[in-house]
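See structure below.
The values are calculated or read from the model by the stated rules, or taken from the named source; none is laboratory data. What you see is a predicted model, and the numbers here were worked out from it, not measured in a lab. Don't worry about glycine lacking a Cβ; one is built from the backbone with ideal geometry, like all the others, and counts go over all protein chains shown. Surface areas here come from the heavy atoms of the whole protein model, side chains and all, with no ligands, DNA or RNA. Shrake-Rupley method; radii C 1.70, N 1.55, O 1.52, S 1.80 Å.
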Amino acid sequence: MMSGWLEARNIVAVRQDNLGDVVMLGPALRAVKQTVPHARLTLLASPGGAAAAPLLPELDDVISWRSLWQDLGHLPFDPAREYALIERLAACHFDAALIFTSFAQTPHAAGYVCYLAGIPLRAGESKEFGGACLTTTLPSAPDAIHQVERNLRLAEALGFATADRRLAIAIAGPARAVALDLLRHTGIDPDLPFVLLHPGASAQARRYPPERFGAVARLLGERGLQVLITSVEREAALIEQVRRIAPRASYLSGRTSLPEYAALIERAALVICNNTLPMHLADALERPLVCLFAGTELESQWRPRFTQARLLRRPTKCQPCYLFECPIGQPCLEIPPEEVVEAAEQLLKQPVMSVEF
């Protein structure tokens, strides 16, 4: 246990990645809150990741900020933006900062910002030398470790402990009510089983081809199952490709908050998706899952750990490539729709946890 951490009463947790990354931070946040329940816990997240905050009851506040050290070259040159972040953090008078990263990220840029903001305790996991940007530097874990365990490893090294390592999210009653209305509006009978398909993902390399998702939806419908296909608004062109092949499925695009979307997954008999946010939500809610898991990452880093799940991928020599665009036609996802449906049917036959609404 590192000196001073358990006496901290105003803590900022830094995780400036995507929604799924913030959801996977939940067990580490729970460890902090269970160990020091009277401490105030704030999340510093990207604008996208901040949307996950309502699902994480351990949080007292969230700061949404697009930071230079997580930028992929889109932010303009504007040092005043980073000065503003330092001033924002300084005004909060944090006494400790936990900087959570993936295996490929450095904590030192965020650590330096926290230092300039006057935060006396700063911890992160690092492969490289970063001077005194951090007051506690944990040697990096093996790359293949699961991200949830990587997060917990940092928290536990500082003295924060939890007996529950599962993903868990909180869904408020109003979000469940909206989800119920949305299901009825799209033609889904919420009292009967339905399969939720999500064909999208933030990177092209992680998307099972939309025409095959359409074939999966059509085959499930032919077997008498209700099928709900979800998407975000920017995926309209992708969804149209699915709709041409599965016109009788129900569709829902960009009309939910994240808690409302989680409530839809909570009601689903089965989720079928790529390696993306719905996979983590299904794991947190213990809903059966078929995941088209591209060779962009190692399964051990991100896979669902507790729900009943089938991960489908073809072995390839280029795995893990960590690419956003696949230059060779996605051989890792050369999976016939019939194989996806077979995996879905096998999971649907197995007993699963019932959900009380």
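Here's the yes/no breakdown for (1) of a type outside the set (A, V, I, L, M, F, W, C); (2) at pLDDT below 95; (3) in a helix (DSSP H, G or I):
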site	(1), (2), (3)
ALA179	no, no, yes
LEU192	no, no, no
GLU211	yes, no, yes
ALA215	no, no, yes
THR230	yes, no, no
ARG234	yes, yes, yes
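Given the criteria touching a helix residue (DSSP H, G or I) at 6+ places or on another chain (Cβ under 6 Å), free of Cβ contacts under 8 Å to residues at least 24 places away in the same chain and not β-branched (Val, Ile, Thr), does LEU56 qualify? Give the steps one after another, and end with the answer.
Working: touching a helix residue (DSSP H, G or I) at 6+ places or on another chain (Cβ under 6 Å): yes; free of Cβ contacts under 8 Å to residues at least 24 places away in the same chain: no; not β-branched (Val, Ile, Thr): yes.
For LEU56, the condition - touching a helix residue (DSSP H, G or I) at 6+ places or on another chain (Cβ under 6 Å), free of Cβ contacts under 8 Å to residues at least 24 places away in the same chain and not β-branched (Val, Ile, Thr) - is not met.
Can you confirm whether ILE86 is among the β-branched types (Val, Ile, Thr), in contact (Cβ under 8 Å) with a residue 12 or more places away in the chain, touching a helix residue (DSSP H, G or I) at 6+ places or on another chain (Cβ under 8 Å) and under 28 Å from ALA203 (Cα atoms)? Even if it seems obvious, please write down each step before you answer.
Working: among the β-branched types (Val, Ile, Thr): yes; in contact (Cβ under 8 Å) with a residue 12 or more places away in the chain: yes; touching a helix residue (DSSP H, G or I) at 6+ places or on another chain (Cβ under 8 Å): yes; under 28 Å from ALA203 (Cα atoms): no.
Judged against the criteria, ILE86 is not a match.
When you scan segment 252-267, how many residues do you find that are part of a helix (DSSP H, G or I) and either in contact with an Asp or Glu (Cβ under 8 Å, 6 or more places away or on another chain) or open to solvent by 50 Å² or more (accessible area, probe 1.4 Å) (or both)?
Counting residues in segment 252-267 that are part of a helix (DSSP H, G or I) and either in contact with an Asp or Glu (Cβ under 8 Å, 6 or more places away or on another chain) or open to solvent by 50 Å² or more (accessible area, probe 1.4 Å) (or both) gives 1.
Sort through PRO331, PRO247, PRO288 and tell me the only one that's surrounded by 18 or more Cβ atoms within 10 Å (Cβ to Cβ) and either modelled with pLDDT under 95 or not aromatic (Phe, Trp, Tyr) (or both).
Details: PRO331 fails: surrounded by 18 or more Cβ atoms within 10 Å (Cβ to Cβ); PRO247 fails: surrounded by 18 or more Cβ atoms within 10 Å (Cβ to Cβ).
Criteria check complete, one pass: PRO288.
Assess whether LEU59 counts as being closer than 26 Å to MET279 by Cβ, among the aliphatic types (A, V, I, L, M), outside any loop (DSSP other than H, G, I, E, B) and touching a strand residue (DSSP E or B) at 6+ places or on another chain (Cβ under 6 Å). Please lay out each step first, then the result.
Working: closer than 26 Å to MET279 by Cβ: yes; among the aliphatic types (A, V, I, L, M): yes; outside any loop (DSSP other than H, G, I, E, B): no; touching a strand residue (DSSP E or B) at 6+ places or on another chain (Cβ under 6 Å): yes.
Spelling it out, it is not the case that LEU59 is closer than 26 Å to MET279 by Cβ, among the aliphatic types (A, V, I, L, M), outside any loop (DSSP other than H, G, I, E, B) and touching a strand residue (DSSP E or B) at 6+ places or on another chain (Cβ under 6 Å).
Open to solvent by 20 Å² or more (accessible area, probe 1.4 Å) and in a loop (DSSP other than H, G, I, E, B): does that describe ARG165?
Numbers: open to solvent by 20 Å² or more (accessible area, probe 1.4 Å): yes; in a loop (DSSP other than H, G, I, E, B): yes.
Considered against the rule, which asks whether it is open to solvent by 20 Å² or more (accessible area, probe 1.4 Å) and in a loop (DSSP other than H, G, I, E, B), ARG165 comes out as yes.
On the given criteria, is LEU41 open to solvent by less than 50 Å² (accessible area, probe 1.4 Å), closer than 28 Å to ILE169 by Cα and over 17 Å from the mean Cα position of the chain (by Cα)? Break it down into steps so the answer makes sense when it comes.
Values: open to solvent by less than 50 Å² (accessible area, probe 1.4 Å): yes; closer than 28 Å to ILE169 by Cα: yes; over 17 Å from the mean Cα position of the chain (by Cα): yes.
So LEU41 fits the description; yes.
Search segment 102-133 for residues being of a type in the set (Phe, Trp, Tyr) and at pLDDT below 95, and hand back the single one that is farthest from SER300 (Cα to Cα).
For segment 102-133, the residue satisfying everything is PHE129.
Can you report the number of residues in segment 44-84 which are more than 23 Å from PRO174 (Cβ to Cβ), crowded, with 19+ Cβ neighbours inside 10 Å and either among the small types (Gly, Ala, Ser) or in contact with a Cys (Cβ under 7 Å, 6 or more places away or on another chain) (or both)?
Looking only at that region, the number is 1.
Can you name the residue in segment 18-37 that is open to solvent by 30 Å² or more (accessible area, probe 1.4 Å) and not polar (S, T, N, Q) and, of all such residues, is farthest from SER202 (Cα to Cα)? Give the steps one after another, and end with the answer.
Of segment 18-37, the ones open to solvent by 30 Å² or more (accessible area, probe 1.4 Å) are 18-19, 33-35, 37.
Filter again for not polar (S, T, N, Q), leaving 19, 33, 37.
On the way: LEU19: 11, LYS33: 31, PRO37: 35 Å.
That would be PRO37.
What do you reckon, is ALA268 among the small types (Gly, Ala, Ser) and in contact with a strand residue (DSSP E or B) (Cβ under 6 Å, 6 or more places away or on another chain)? Before you say what the answer is, go through the steps one by one.
Numbers: among the small types (Gly, Ala, Ser): yes; in contact with a strand residue (DSSP E or B) (Cβ under 6 Å, 6 or more places away or on another chain): yes.
Against the criterion (among the small types (Gly, Ala, Ser) and in contact with a strand residue (DSSP E or B) (Cβ under 6 Å, 6 or more places away or on another chain)), ALA268 qualifies.
Only one residue in LEU238, LEU228, LEU312, LEU323 is crowded, with 20+ Cβ neighbours inside 10 Å and on the phi < 0 side of the Ramachandran plot, so which one is that? Even if it seems obvious, please write down each step before you answer.
Details: LEU238 fails: crowded, with 20+ Cβ neighbours inside 10 Å; LEU312 fails: crowded, with 20+ Cβ neighbours inside 10 Å; LEU323 fails: crowded, with 20+ Cβ neighbours inside 10 Å.
Selected residue: LEU228, the only one of LEU238, LEU228, LEU312, LEU323 that is crowded, with 20+ Cβ neighbours inside 10 Å and on the phi < 0 side of the Ramachandran plot.
Filter segment 117-144 for residues that are over 17 Å from ILE11 (Cβ atoms), in contact (Cβ under 8 Å) with a residue 60 or more places away in the chain and open to solvent by less than 50 Å² (accessible area, probe 1.4 Å) and give the result.
ALA144
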